[in-house]
Every structure is written in structure tokens, then in C-alpha cells.
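Structure first, then comments.
The values are calculated or read from the model by the stated rules, or taken from the named source; none is laboratory data. Bear in mind the structure is a predicted one, so any value in this text is a computation, not a measurement. FYI the Cβ positions are ideal-geometry reconstructions off the backbone, even for glycines, and counts take in every protein chain you see. Side chains are part of the model used for accessible areas, which takes the heavy atoms of the whole protein and leaves out ligands, DNA and RNA. Shrake-Rupley method; radii C 1.70, N 1.55, O 1.52, S 1.80 Å.
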Amino acid sequence: MVSSRYLVKGAANLSRQSMLAKRSMATVQSSIGDKQVPMSNLEKGKFVNYQRIENNLQIVRQRLNRPLTLAEKIVYGHLDNPHEQDIERGVSYLKLRPDRVACQDATAQMAILQFMSAGLPQTAVPTSVHCDHLIQAQVGGQKDLARAIDINKEVYDFLATACAKYGIGFWKPGSGIIHQIILENYALPGLMMIGTDSHTPNAGGLGMVACGVGGADAVDVMAGIPWELKAPKVIGVYLDGKMSGWTTPKDIILKVAGILTVKGGTGAIIEYHGPGVESLSCTGMATICNMGAEIGATTSLFPYNSRMAGYLKATGRSQQAAYAEEFNHNLQPDEGSEYDRRIEINLNELEPHINGPFTPDLATPISKFAEEVKKNNWPEELKVGLIGSCTNSSYEDMSRSAHIAKEAADHGLKTKSIFTITPGSEQVRATIARDGFVDTFENVGGVVLANACGPCIGQWDRQDVKKGEVNSIISSYNRNFTGRNDANPATHAFVASPDLVTAMTFAGSLTFNPLTDSLKGADGKEFKFSDPAGHELPAKGYDPGENTFQAPPEDGTTVSVAVSPTSDRLQLLKPFKPWDGKDIIDAPVLIKAKGKCTTDHISAGGPWLKYRGHLENISQNCLIGAINADNGKANEVLNQETGEYGAVPTVGAYYRDRNIPWVVVGDENYGEGSSREHAALEPRFLGGRAVICRSFARIHETNLKKQGMLPLWFKNPADYEKISGSDKLSIVGLNDFKPGQDIKVEITHKDGSKDSFLTTSSINEGQWEWFKAGSALNKMAAAAKARQQ
């Protein structure tokens, strides 16, 4: 059921937890700020600031005079200036004060290099760096980890010393995936975090507003500058009923992705509520929030409840759980709060789903999937099944998959497909090893990989098929764009729950439905899997495993951060040139990208991850995956100066070196996917000045603005068809531009004929200053210099 507007009407529509909160529009008066409760057990002197939220909401309630959604409570509770801030959902740009920043190692390099340029002694808010992206899956956990530590030593040393110098917590390689570490140690109900990874919303499983951003946004917050975000709309997802059998939390987000598509959540926070929430574990809620990135959502979150409290206590945070209980009136949506759109899902009726291939929003219920496989001629043989990743690597996920694997083993079976398991953290790995799950997986032929992202982000040295060979894989990951996992564009990648993935590896076939189909055991007798069973939390508590955390010293001023000038992994940044005050005239179209153009197409991962700290080197992958609309090919574009075709980065650099600005033309939802700011840095480094598209993904549009590029929207999307890769574009009237105005673009075709069209933009006054300064970092540095004079 989907409707365009939703008003919560009375207690009958609210969860039991919500009713117990007895909330109303009036803010509950309390001395919540009298207590000092640590934000994390790993950080000294950093305390939860619920009082600021309480104070802000008193002001906001007086101004808006209406009930608030949970998303609004947390977002508006972090306003920098609640008295004067314009507040209109989907319109206003909010200035916010997040509580913390988190960075993964691939994006942290550029973020820290930018922070170093600001000349500040320490980060203004608690910040952590997590080494999870640079570990390639080859043969198994320990050997892969040892190899990664060896080949990435220069980068790890840079991050470790930079973290020590600037007061940043450092999680060493092998500690686990950033989002699982955050959930175990840092995520707290009601707080706000930004992270340099698109799946940062995972922390919404603990009632936190956690948003993926580019590194430049992270640097702002690390430097004590408010974070700017367009006031999100709020989409309410009402959950009724109760999950059972093979249905898992993953199936909820797979279903929602099918409803909203990859861009349906853009500019919105997805707020889950209703009695069905009570049947979800905390880590299950995190799974749902994590994959909200695939529908373009700003973030996703759940109201605080007993399942969150139980997880906090199990991870050593009883004090924080008790504090959240006291603040519970602000951790639920107000009765009568209004949503911009409503989706209703009955968990009693929800089937397990499988999404894909090639896009995470092609949703198919398991009962119809075999039919779709045959109808679409998808490769039926299942080559590999992969469970884990930041989306589904909790103890609960692993225990349910182990139950399935043990049942198969009891019938004498081993997996027919290659089967890999990625623990989300060292704590999860140590705990499932202690409780026998690792042995169970290995006994049926599974390979336990390192506590890292691995194949989910393309860090997979896959050997079972050749590049170009058509094949199918299924994973419990979150993203399945073309070539993402193994750099093979012919791989059909599907996404499902760990339960389905595990069961299907024993059949070796995409058409196997464990709810209805049987397998033949070693004794020749047929059997059906029973419903999966697992444990929400470990009965013996979590085993922390090896200590992989490096706390910063109290005084890091003497720590030296060295970057070799001859390094091919790290490179100090040079400021981009400011705008010259002139219109952009006769800029050649570098590429007119056709169809889906994600950040993977713009700045590929996999083997390119090692260059994330070296802008010049990584720019050699700029737009090499984008499909040229003129010839249907990737990485082959016209050099309008020479008349020859060449690689996108080569042609872009050719123009740059001759002071010729260039433009990219894109299709719908340009830049969806990862938060990687390299997809904006690289075009800027190579001389790009504007990207003109039918529509943008939120994070990428912001990243382009931060780097001093113009992200422009076709006012009439059909005008995309007017342009070819042999055209020159002039962007005129820039000296007279005011935010909110259209910008005219003139086309000069190859034959000399001319045309024009109008563009719109979401550029505000502050962002226009970034463009004029050459980048947001340039503007920040100039302001810092002015303060010192």
C-alpha cells in the first residue's frame, strides 16, 4: 500500500514502545543535561549532548507549532541556529552540528589530506578512521590480511600517524567493516553522524541519524564548520505484522527498493515505524537502514525500543541505554506527525525477495524468481554465494546461516557453489569462531574471509571465471551494479538475505527455492530445509577478539605525518584555481553518458582503490566505465581538437593542459551509489567545469559543488537529446547569476549550427561562493587566513 501523504492518527497506529513513551507535542521538561554519559567507552571527555537537542526542539516546536517526525526531532535537534534557521522540508538548506565523523580508509586518505590543508591542530568533533577497504579477498582471512598490511603499509602508516596527530581514533586493518564497528562502539539513539561512506546510515539501526557524505563535507565538520544539508523530506514506512520463517529484515529493504527504485528516496529520510518494528532485532534494523543508500535516501532510522537497548547492553553500553530510556520522548515520532509519503508493509505476508541483476531495485519475490530466471535467460548455474559485508554480517545473520549449513551437513552435503563468509568485525569473527559457526561453514566448503569489505566493493581476486564469461553470483551485500564485485561486466549479481544465499549454494542453482524445493542428501534421500533459526545476541556474550583499536595520544603535536613526494599512493593536494569571473565559452562535451552512470562508472573501485590518496594517479580512471551515448562504448570519446578518439582521462587532460574547459552530460540519477568524492575530484582535476544531467544523486551533486564544479539540471529533461559528444557548450550569464535562477546553455554543433536550452540548479549562496573560490576548501582556507590576520 502506498499513498502520497500520511498523518498518524492516534495510538492505534503506533507501536507499543511509542505508546509507552506517552509523548505529545509538548516537550517533556527534564534535567537531561545534568548527567555526563560518554558518547563512547573509547573516548575520554566526550559526552552525549541530549540537552542541546532538548533545547533546540523547544525552539523549533514554538516556531513550527506542529507534531514532529522522529527524523525531524533528531535533525532539527542538531541545528546550529534554531532561532533563525529557515525550516521547510525539501526546500531549506539546514546548518547542522553533527556529533561525530567516521571515515573508511579509502576515503579517509583524501579527507585527511584536505583536513591537513586547513592547518588545525585537532578535529573539532570525535572522529574515527577504519581500515576495511584495502584488503583484497584471495584465499582466506589471515593470509589476505597479512598481504594487505604488507602492500598497503605506506597508506596505513600515513593514516595511523595522521590520526595520532589530529586526535582521531584509528581502527587497524583486520578490525572489521566501518559500519559494524560504528554499531558496536559509537552509534547512539538520537545522535547525528556523518561518514565518508554511502552506507553510513547503517547506524540508523540504533536510532541515529547517520548520513553518507563526501570527504569535503567531513572536513567541514572536523574543522568545526556546520554541515549543510537540504531539509530532508520524510517517507514513513509503516510495518505491521510479524516476520517469521525465511523472511528476514533484508527482505523489507529489498521490497522497499522495488517500490521506491534507486532514486525514489533521494532527498528524504526513510522513517520506519509501526507494531512490526518490535519483531526486528537491532542488527536487523541496521541492515534495513544500511541498504537505504540503494534507494538514494539521505538516511533511514527506527524509533528507540527494547531491541536497541538489549544490543547496547550486550556491547558494553548499559549506561548509554539507560540514558536513552530517559530521553525516549524525543526518540519516537510525535503522535499526529505527518509524512510526505507513506508505504505500508505487512510482515505476515512479506515473502523473501531476490533483487537484481545489475541494479538493486529489480525486486522479485522468491515464489516468482525461478520463472524470472528462465524468462530472462539469466545464467541458472550459481557460481558463487557470498554472505557477510556491512549489510548482513551480524551474529544473528551468521547464526541463521550456520543453522542452514549444519542442516545440510547433517545430510552429508557440501556446497555446490563457491561459498564465502565475511565477518563484519573482529568481535563478530571471534564470537562465531568460539561458538562453532566458523567450523560449521568450513566443514561444508565455505571460506571465511578477512574482517573487511572484500568482494562487496570489488576487492576480490576472483579466479573461477574469466573476464567476459557470463555467470551468476548471489550475495547478501547491498549493491550489485555491473562489474562491481569482480570487475566482470558479464557477471549477473543478485542480492538476497544470508539465509537464501546459504541455502542456494547447496543447490548450485538460481532456480532453487528453499521454501518449497527439496535437495538430495548423501544417502540419496530427499529433504527440505527447515525454517532458519538463530540467535539475536550471543548467549555467552561477545568475544572481543584481538584488540585492533589505536587511541590517539593526549598530545599529538610532536607526531610527524610524512608523505613522500615520490609516492604513487599519496599526494599532497594543490588548490584548484578560482573562477576567472567569465562565462564558460565553447567547452567541448567530454562525454555524453548514456543510461546508468554510478560513482563506480565515474571512479572505479577494485584495483583503483590503492590510489585513493593520489589524485593524479586515480584520475586515470575518470569516467572509464561510463557509456558514450554517441558510440555505445566505454572509455572511447572524441577529442574535438585532434579529431581522434581516445580514453576519457587522456582527452580530458589534453583539454586541461591547453586551458580548454570541458563539460560532462549525463542521464538520470547521475552519480548514484558510493559517496566517493573522487568522482567529483577527478573531473575537476582534469579540467572539467560543469556536469549537466537530467537528475543527480544527492551526495554526488554536493561533492561536485564542493570541488568548484557546476552541477546543472536540464530544465526540460528532453533537452538531453539535443546534445552530442561533438558539440561545444557555452554556459552564459554567470556574472549575473543569483541562486534560484535558471542558467542558459548555448550549443554549437559540429556543423556550426546553434541551439540553446535552460538549466536549473540547487546552488545556494554559500555554494556559489565555493564555485567562485574554486572549491569549498579554498573558501575555508581563505576564511582561516583572514581570521589569523
>> Which condition from (1) within 22 Å of Gly141 (Cβ to Cβ); (2) in contact with a Gly (Cβ under 7 Å, 6 or more places away or on another chain); (3) open to solvent by 20 Å² or more (accessible area, probe 1.4 Å) is the one that Gly458 breaks?
In response: (3)
> Taking the stretch 478-505 as the region of interest, how many residues are closer than 27 Å to Gly284 by Cβ and small (Gly, Ala, Ser)?
Replying inline: 4
> Among Glu426, Glu442, Glu371, which is within 21 Å of Val495 (Cβ to Cβ) and modelled with pLDDT of 95 or more?
Replying inline: Glu371
> How many residues does the stretch 309-346 contain that are of a type in the set (D, E, K, R) and more than 25 Å from the chain's Cα centre (by Cα)?
Replying inline: 7
> Across the stretch 348-362, what is the total count of residues that are touching a helix residue (DSSP H, G or I) at 6+ places or on another chain (Cβ under 6 Å) and part of a strand (DSSP E or B)?
Replying inline: 3
>> Quick check on the stretch 165-174: of everything there that is in contact with a strand residue (DSSP E or B) (Cβ under 7 Å, 6 or more places away or on another chain) and not aromatic (Phe, Trp, Tyr), which residue is farthest from Leu42 (Cα to Cα)?
In response: Lys172
> Can you find even one residue in the stretch 87-95 that is assigned by the TED database to the domain that holds Lys172, within 30 Å of Trp608 (Cα to Cα), at pLDDT 95 or above and within 29 Å of the chain's Cα centre (by Cα)?
Replying inline: no
>> Quick test for you: out of Lys772, Lys722, pick the one residue that is among the basic types (Lys, Arg), within 27 Å of His678 (Cα to Cα) and modelled with pLDDT of 95 or more.
In response: Lys772
> Given Asp220, Asp197, which one is open to solvent by 10 Å² or more (accessible area, probe 1.4 Å), within 24 Å of Asn547 (Cβ to Cβ) and modelled with pLDDT under 95?
Replying inline: Asp197
>> Can you pull out every residue in the stretch 249-273 that is open to solvent by 10 Å² or more (accessible area, probe 1.4 Å) and among the hydroxyl-bearing types (Ser, Thr, Tyr)?
In response: Thr261, Thr266
>> Take the conditions in contact with a His (Cβ under 9 Å, 6 or more places away or on another chain) and not assigned by the TED database to the domain that holds Ile181 and apply them to Thr422. Does it pass?
In response: no
> Of the numbered conditions (1) closer than 29 Å to Asp361 by Cβ; (2) touching a residue at least 60 places away in the same chain (Cβ under 8 Å), Asp543 satisfies every one except a single condition; which is it?
Replying inline: (1)
> Could you count how many residues in the stretch 750-762 are touching a residue at least 12 places away in the same chain (Cβ under 8 Å) and not aromatic (Phe, Trp, Tyr)?
Replying inline: 8
> Given Glu381, Glu371, Glu407, Glu426, which one is under 29 Å from the mean Cα position of the chain (by Cα) and among the acidic types (Asp, Glu)?
Replying inline: Glu426
> Just one of the numbered conditions (1) in a loop (DSSP other than H, G, I, E, B); (2) buried (at least 24 other Cβ atoms within 10 Å of the Cβ); (3) among the basic types (Lys, Arg) is not true of Lys242; which one?
Replying inline: (2)
> open to solvent by 70 Å² or more (accessible area, probe 1.4 Å), hydrophobic (A, V, I, L, M, F, W, C) and within 29 Å of Gly673 (Cβ to Cβ) - does that describe any residue in the stretch 589-607?
Replying inline: no
>> So, Ala647, is that one buried (at least 20 other Cβ atoms within 10 Å of the Cβ), more than 23 Å from Cys211 (Cβ to Cβ) and small (Gly, Ala, Ser) or not?
In response: no
> Limited to the stretch 118-152, what total is found for residues that are open to solvent by less than 30 Å² (accessible area, probe 1.4 Å) and not in a helix (DSSP H, G or I)?
Replying inline: 15
> Taking the stretch 480-514, which residues are of a type outside the set (A, V, I, L, M, F, W, C), in contact with a helix residue (DSSP H, G or I) (Cβ under 6 Å, 6 or more places away or on another chain) and modelled with pLDDT of 95 or more?
Replying inline: Ser497, Pro498, Asp499, Thr502, Thr511, Asn513, Pro514
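Table: residues versus (1) under 19 Å from Glu154 (Cα atoms); (2) assigned to a loop (DSSP other than H, G, I, E, B); (3) out of contact with any strand residue (DSSP E or B) (no Cβ under 6 Å at 6 or more places or on another chain).
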residue	(1), (2), (3)
Tyr542	no, yes, yes
Thr558	no, yes, yes
Lys577	no, yes, yes
Lys582	no, yes, yes
Pro588	no, no, no
Ile591	no, no, no
Leu609	yes, no, yes
>> Given the condition of a type in the set (S, T, N, Q) and open to solvent by less than 10 Å² (accessible area, probe 1.4 Å), answer yes or no: does some residue in the stretch 289-297 qualify?
In response: yes
>> It is to be established whether one or more residues within the stretch 620-633 are part of a helix (DSSP H, G or I), at pLDDT 95 or above and out of contact with any Lys or Arg (no Cβ under 7 Å at 6 or more places or on another chain).
In response: yes
>> Would you confirm, using the coordinates I've provided, whether Glu644 is modelled with pLDDT of 95 or more, under 21 Å from the mean Cα position of the chain (by Cα) and not polar (S, T, N, Q)?
In response: no
> Taking Asp600, is it of a type in the set (D, E, K, R) and touching a Ser or Thr at 6+ places or on another chain (Cβ under 9 Å)?
Replying inline: yes
> Counting only residues that are within 30 Å of His130 (Cα to Cα), open to solvent by 40 Å² or more (accessible area, probe 1.4 Å) and hydrophobic (A, V, I, L, M, F, W, C), how many does the stretch 511-552 have?
Replying inline: 3
> Looking at Gly336, Gly276, which one is open to solvent by 10 Å² or more (accessible area, probe 1.4 Å) and not assigned by the TED database to the domain that holds Ile699?
Replying inline: Gly336
> If we keep just the residues of the stretch 609-631 that are among the hydrophobic types (A, V, I, L, M, F, W, C) and within 14 Å of Met110 (Cα to Cα), which is surrounded by the fewest Cβ atoms within 10 Å (Cβ to Cβ)?
Replying inline: Leu615
